[in-house]
Amino acid sequence: MKRWIARAGIGAVALVALACGKPKSKGGAIAASASVKELMAARGLTEADVEAALRTYVPSGKLDDYIVFASGGQSGQVLVIGAPSMRLLKLIGVYTPEPWQGYGYGGDGDAVLEGGKQNGHALEWADVHHPNLSETNGEYDGQVLFVNDKANARVAVVDLADFMTKQIVANPLAASDHGGTFVTQNTDYVIETSQYPAPLGREYAPLAEYKEKYRGVSVFWKFDRTTKRIDPNQSWALELPPYTQDLADAGKLDSDGWVFINSFNTEMAIGGTLEGKPPIESGASQNDMDYLHVIDWKKAEKLIADGKGQPIKGIRVLPLAVSAAERVITLIGEPKSPHGVDVTPDGKEIVVGGKLDTHATVYSFEKIKKLIDAQQFEGKDAYGLPILKFSDSIRGQAEIGLGPLHTVFDDKGNAYTSVFIESVVAKWSVKELKVIEKMPVHYNIGHILAAEGDTVSPDGKFVIAMNKMSLDRFSKVGPLYPQNFQLIGIDGEKMRMLADMPIGIGEPHYAQMIRADKLKPIKTYPLGENPYIGHKDPSATVAGQEKIVRKGNVVDVYMTAIRSHFTPDQIEVEQGDTVKLHITNLEQSEDQTHGFAISMHNVQLSLEPGRHENVTFVADKPGVYPMFCTEFCSALHLEMAGYLLVKPKAK
Ligand code: RUQ
Ligand code: CUA
């Protein structure tokens, strides 16, 4: 029997030994059994491949240590992924109807989607960017997930008790957003900042009046822990100059009470390619510096409470002039066309990556605070906002590479920056401002995320490279390629590439990774509970109480579902009747879900155990329509059926 040495060492010894059955280990040397070596040879696997498999394989029946909540991009949904196995656990319907979950097909979830209407339009897609978990004292608490829709300036609230979208709030001030949804360290606020400047409240103004009338805006959505909903009435906003605000991060610990938002296009370029003017891309890349916006949100909150806000479309907006006079917003130069802004776990520093700069710039919150307190400004911008001197505000810069974007952290003082153009993850020491190692990724990484990465105490086990391109990584599926998540182990001396996961549903932007044991989802609902109201539905029905009640042309049907029948299973109505079904799933056993569909009516529900749901539709076409269960719930699932009969209107 020959021996092979695990190049990566640490931990691999025990893992490989376990897998090989006949371990023989001596000072890091590992013995693989003949059969394992044969298998490796047959499948063309290297030792590194085997180690990666051993670090990520989760056997049947075993659970993942982490759960990743990833943006589903254009799908308008959120992916729930187990790590390290990278198994897809669920796609949560958020902005887009989701048929399996019966979300948006006639049931009570329709009202949530209705809340996301903008300009009177039902919007059937979203560009989901940044999922953010609720925090308590800067730690993920596993209660709620927020996520923004860049395309239509909306914020959604996903309840992690049942992994369901409970609320969508439509931002009435902006037409697009990006710097969201970042939470303050106790989730008092969910922050959503506009992307492309436009007149606030979505009014019209010609582009010629860009500097005077176009604005950015940052909405501070107030989150109410008791209702687990955003309260728009307690929310407020900050008017921002028409620099294209990009990403943002909320301060924590030392910098709690502050928010940092970066920007590009401080040139305020507006394009005009047809007229021969330079496109926005080149107009916006003239200045060497753009502006980091440093925002004292506690002060802003107080000014709003003192009545300094001016209502626009029902939201109190703090005018730029007030923010300038009261030093709510301070600007600092940031090089060049920046993208990511990330607060370090200790809250003491802010890391900014410049897309057209090779550095990550590390700002010192202490320095910034001192300069603001002493009113040591270098000047003012055209809107009267004070500007701090760049060199006085930073601790230093790390030379990272071509196109640094986003930065996450581990538990040992290292940062991991995604480097788009170079297509690498750069690991660097925050203290030394020096790159330690670069790992190629496949290909062109956008965001990067880390285990418990945005908390005050990252775990330092994994990062995931969220790659925009996959090129040669997967079997070809036509010219639209999946994006590629790459799981990278960061707990050893060297980074290790562990697994690829194609994302074939939309372009994911950000994701967060939480320790699985922090999530405590319910298994069943108390009998008759309507998840959207959070308690027993007034129309909930128990066995024996089912009935059909007709009042004029409204027919209320109080139904139950239990293996393997609906009661009633025959519903006869007249053409033109409004039918209201109230269905309670009487099951109380885990995973005993029934579906409920009616042919030709766009009705499809998911009735998890105990759950109650209401459906309203107009029976406008006479005919005979099967209604049936859509989850294979029992041996007699196909028999779980009945009929909706719509009698033609008497002439
Ligand atoms: S981002 S493009 Cu989060 Cu890097 Cu949206
Ligand atoms: Cu109930 Cu299938």
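Of the residues T266, N614, A499, the one whose Cα sits farthest toward the positive end of the charge dipole of the chain, with +1 on the Cβ of Lys and Arg and -1 on the Cβ of Asp and Glu, is A499.
Among the lysines of the range 529-647, pairs that are 8 or more positions apart or on different chains and have alpha carbons within less than 18 Å of each other number 7.
Of the residues L54, L79, ranked by 1.4 Å probe accessible area with the largest first, the sequence reads L54, L79.
Evaluated with a Cβ-only charge set (Lys, Arg +1; Asp, Glu -1), the chain carries a dipole of roughly 940 debye about its Cα centre, given to the nearest 20. Spread over its residues, the convex hull of the C-alpha atoms of the chain is 192 Å³ per residue. By a 1.4 Å probe calculation restricted to protein chains, W100 has an accessible surface near 130 Å², given to the nearest 10. Across the accessible surface of the range 66-518, with the other protein chains kept in place and a 1.4 Å probe, carbon and sulfur atoms take up 53 percent.
Judged by the mean number of other Cβ atoms found within 10 Å, the most tightly packed of the peptides 319-332, 537-550 leads the ranking 319-332, 537-550. Rolling a 1.4 Å probe over the protein chains gives I503 an accessible area of about 0 Å². A straight Cα-to-Cα reach below 18 Å connects K380 with the aspartates and glutamates E212, E239, E267, D288, D290, D296, E326, E334, D392, residues fewer than 8 places away in its own chain not being considered. Highest average first, the peptides 149-155, 622-628 ordered by how many other beta carbon atoms sit within 10 Å of their residues are 149-155, 622-628. Accessible surface calculations at 1.4 Å, restricted to protein heavy atoms, place the chain at 41 Å² per residue. Within the assembled protein chains, the solvent-accessible surface assigned to L645 is about 50 Å², based on a 1.4 Å probe. Applying D = kT/(6 pi eta Rh) to the range 526-651, where Rh is the Kirkwood radius over alpha-carbon pairs, T corresponds to 10 °C and eta to 1.306 mPa s, the Stokes-Einstein value obtained is 109 µm²/s. Past the 16 angstrom mark, what percentage of all C-alpha to C-alpha distances in the range 47-110 do you count? Counting every Cα pair in the range 47-110, those more than 16 Å apart make up 57 percent.
The values are calculated or read from the model by the stated rules, or taken from the named source; none is laboratory data. Here the structure is a predicted model, which is why all the values come from computation and not from measurement. Using ideal geometry, Cβ is built from the backbone for each residue, glycine included, and neighbour counts are taken over all protein chains shown. Protein only, heavy atoms only, side chains kept; ligands, DNA and RNA dropped before computing areas. Shrake-Rupley method; radii C 1.70, N 1.55, O 1.52, S 1.80 Å.
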